[in-house]
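Trainee: Sharing a structure with you now.
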Amino acid sequence: MNKPLKLAKPMPDLSKDRLPADYVLRLTKRALEPNNIIARQCFLCGAQPTSGKGEHVIPKWLQKRFNLWDSKLGLLNGSLLPYRNLRVPACATCNGEVLGKTENYVSKLSAESILEWSTDNSYEVGRWMAKILVGILYKEASLLNDQRQPALGAIFPPDAMGEMIMLHLLLQSWRKLVHFSAIHTQHPFTLYVYSLSEDIQYGSFNLSTNIFGKSICMRFGDLGFAFVGDGGLQHEMADLGPYNLARQQLHPIQFDELAARIHYKSSLRDATHRYINAEDADTFRFQQMAVIPYTKTKLPDGSDQVFKPWSLKQLAGVFEIYEVPGFEYLIDEAGEAAFTRLVNENGQKISIKA
Ligand SMILES: [Zn+2]
């Protein structure tokens with residue numbers, strides 16, 4: 001990353017009365033354009049942002065409810081950023097009209113809603129989780145890796161943001177009806193939801209991400225969400241997630257273990273999808289066409305590998321990195337993550353009391 005800092009290209013006229021029919025795709029591409037990221041244009045559409053403080057990646061209502069202003073996010077370069085400063089530039093339209101509604105929706109969810117969970121809920125929560133993941137990544141792509149050495153470039157290469165286009169299009173569905181057809185699942189992502197018990201010892205909030213695996217897991221209060229921007233591949237492997245525990249009640253430390261397992265799985269993904277899209281004035285259509293293997297490794301049955309082999313040794317390292325509470329008790333003498341707090345030897349959920 002030795003590119004000199006360039007100003008964003010002049011904006012095409014996308015004012016409301018002159019919207020071209022393919023404006024969703026244009027806005028997405030403009031938002032992901034590396035020069036626009038470097039110039040700190042609106043993270044959702046690439047337009048001139050407001051002069052205000054920008055959009056809180058961890059929503060204000062959530063920070064308020066769980067007193068998170070001074071909690072910190074660990075960035076890829078090892079630095080820590082307080083949530084209060086974890087903000088991305090946003091224009092007035094995106095901040096107010098586009099994002100306001102969904103924040104309102106998610107802020108009203110509770111553990112009881114998990115029991116009556118619908119595909120509509122999944123869609124709303126999925127794109128809300130995608131917004132946080134894209135926001136974190138945008139922040140990493142717009143911050144210098146080392147303030148004293150600007151030539152080294154950003155923490156996350158802005159030109160790699162293009163890989164986020166699928167997640168980004170999900171966010172554009174607030175703007176226009178976006179019609180997704182996925183091969184495996186209802187939606188082009190994996191989402192598992194949990195209802196959580198309370199245990200003040202472990203706090204009422206935890207957030208973890210795997211940027212390269214495009215996974216984000218978050219628990220707050222009595223809700224736990226695990227999201228992977230994998231086109232639904234984990235979901236296809238396990239409809240109800242690890243040990244079939246989705247939509248059940250877990251203890252917070254069980255959710256933290258589960259989150260680490262989902263992040264590890266997302267790092268093993270060895271395939272992506274091919275998509276086609278079409279846009280007219282009213283609808284954006286996005287069709288998942290086929291699974292495209294990366295390494296083209298063949299499995300014994302001749303099919304292509306979609307996930308690299310699961311290793312208990314690697315999982316032990318993942319438990320440690322994500323600081324799963326008491327992870328050392330999940331690892332055996334050989335250094336393998338041979339134990340779990342999720343299910344017993346009969347595969348039944350373990351109940352942990354506060
Ligand atoms: Zn915008």
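The values are calculated or read from the model by the stated rules, or taken from the named source; none is laboratory data. Keep in mind that this is a model prediction, so the values were computed, not measured. Every residue, glycine among them, receives a Cβ derived from its backbone with ideal geometry; neighbour counts consider all protein chains shown.
Trainee: Within the stretch 191-214, which residues are in a strand (DSSP E or B) and farther than 21 Å from SER107 by Cα?
Mentor: ASN210
Trainee: Kindly indicate the residue of the stretch 19-39 that is in contact with a Gly (Cβ under 8 Å, 6 or more places away or on another chain) and either assigned to a loop (DSSP other than H, G, I, E, B) or farther than 23 Å from GLY153 by Cα (or both) and also farthest from the ligand (Cβ to nearest atom) among those meeting that condition.
Mentor: Taking the candidates together, the pick is GLU33.
Each row is one residue, and each column tells you yes or no for (1) at pLDDT 95 or above; (2) assigned to a loop (DSSP other than H, G, I, E, B); (3) out of contact with any Phe, Trp or Tyr (no Cβ under 9 Å at 6 or more places or on another chain); (4) surrounded by 24 or more Cβ atoms within 10 Å (Cβ to Cβ).
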position: THR185; (1), (2), (3), (4): no, yes, yes, no
position: PRO188; (1), (2), (3), (4): no, yes, no, yes
position: GLU236; (1), (2), (3), (4): no, no, yes, no
position: ASP239; (1), (2), (3), (4): no, yes, yes, no
position: ALA259; (1), (2), (3), (4): yes, no, no, yes
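Trainee: In addition: Restricting to the stretch 215-230, what's the tally of residues that are in a loop (DSSP other than H, G, I, E, B) and over 12 Å from the mean Cα position of the chain (by Cα)?
Mentor: 2
Trainee: With the requirement that a residue be closer than 15 Å to MET161 by Cβ, surrounded by fewer than 20 Cβ atoms within 10 Å (Cβ to Cβ) and within 16 Å of the ligand (Cβ to nearest atom), what does the stretch 40-76 give you?
Mentor: The answer is ARG40, and nothing else.
Trainee: Here's something else I'd like to know. Taking the stretch 299-317, which residues are of a type in the set (S, T, N, Q) and outside any loop (DSSP other than H, G, I, E, B)?
Mentor: GLN314 - this is the single residue of the stretch 299-317 that is of a type in the set (S, T, N, Q) and outside any loop (DSSP other than H, G, I, E, B).
Trainee: If you don't mind, there's one more thing I want to ask. So the check is Cβ under 7 Å with 6+ separation or different chains; which pairs have a first residue in the stretch 40-69 that's in a loop (DSSP other than H, G, I, E, B) and a second one that's within 16 Å of the ligand (Cβ to nearest atom) and among the hydroxyl-bearing types (Ser, Thr, Tyr)?
Mentor: Correct list of pairs: ARG40/SER142; PHE43/TYR138.
Trainee: Which residue is nearest to the ligand (Cβ to nearest atom), if the candidates are limited to the stretch 77-102 and must be modelled with pLDDT under 90 and buried (at least 16 other Cβ atoms within 10 Å of the Cβ)?
Mentor: Filtering first and then ranking leaves CYS94.
Trainee: GLY135: farther than 29 Å from PHE212 by Cβ and within 16 Å of the ligand (Cβ to nearest atom), yes or no?
Mentor: No; evaluated as a whole, the condition is false for this residue.
Trainee: Now a separate question. Determine, yes or no, whether THR272 is assigned to a loop (DSSP other than H, G, I, E, B) and farther than 15 Å from SER208 by Cβ.
Mentor: No: the conditions fail for THR272.
Trainee: Taking into account only those residues within the stretch 103-122 that are touching a helix residue (DSSP H, G or I) at 6+ places or on another chain (Cβ under 9 Å) and in a helix (DSSP H, G or I), which is farthest from the ligand (Cβ to nearest atom)?
Mentor: ILE114
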